[in-house]
Amino acid sequence: MEWLKSIGRDNLGLPGFVVMEILEGESDKRSTKRIHKTLGEFAVFWPTVDNCNRAMEVFAEKNLSHSLGAFGALIGETAKGLGVPLCTFNLKHYNAIPGLETNTALP
């Protein structure tokens, strides 16, 4: 959350699955509500059917060899579908997705 706050909200969106994962990590209703409000200020992106189909293929191919999870495949393919880089600190898993541009800081 601190990293998100530090980079601002202009030209930044979050995959819906990431929002859900962040909320899942909260331990009480109060913090969940506060985080949900903060995250609600960002654009939220969900995968299209085409993104899901590509994610299914890359997941089937890379799950065992690269420990690419289902949500990771969906998040990566959604970024590819939008034609934007995925800003992440988890380059290990996302490097398994062919054609996905990743970085750990905003351009």
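The values are calculated or read from the model by the stated rules, or taken from the named source; none is laboratory data. If you're wondering where the values come from, they're calculated on a predicted model, not measured in any experiment. Counting neighbours? That spans all protein chains shown, and the Cβs are built from the backbone with ideal geometry, glycine included. The area values use the complete protein model at the heavy-atom level, side chains included, leaving out ligands, DNA and RNA. Shrake-Rupley method; radii C 1.70, N 1.55, O 1.52, S 1.80 Å.
General remarks:
- Sum of side-chain charges, Glu77 neighbourhood, beta-carbon under 14 Å (Lys, Arg +1; Asp, Glu -1): -1
- Prolate/oblate/rounded call for the range 30-79, Cα gyration tensor, a/c under 1.5 rounded: oblate
- Under 14 Å, Cβ to Cβ, from Thr32 - net charge with Lys/Arg +1 and Asp/Glu -1: +1
- The alpha-carbon of Lys62 sits under 14 angstrom from the alpha-carbons of these aspartates and glutamates, leaving out residues fewer than 8 places away in its chain: Glu77.
- Anchor Lys33: aspartates and glutamates whose Cα lies under 16 Å away (excluding residues fewer than 8 positions away in-chain): Glu21, Glu24, Glu41
- Largest to smallest accessible area among Cys87, Cys52 [probe 1.4 Å]: Cys52, Cys87
- Given [x] 8.4; [y] 6.9; [z] 9.4, the label whose value is mean projected area of the Cα convex hull in nm² derived from this model: [y]
- Contact order for the chain, expressed relative to its length and based on alpha carbon pairs under 8 Å spaced 6+ residues apart, stands at 22 percent.
- When the Gaussian network model of the chain links Cα atoms closer than 10 Å, the mean-square fluctuations of Leu14, Leu86, Leu64 top out at Leu64.
- Solvent-accessible surface of protein heavy atoms, probed at 1.4 angstrom with all chains present, puts Ser67, Ser27 in the order Ser27, Ser67, largest first.
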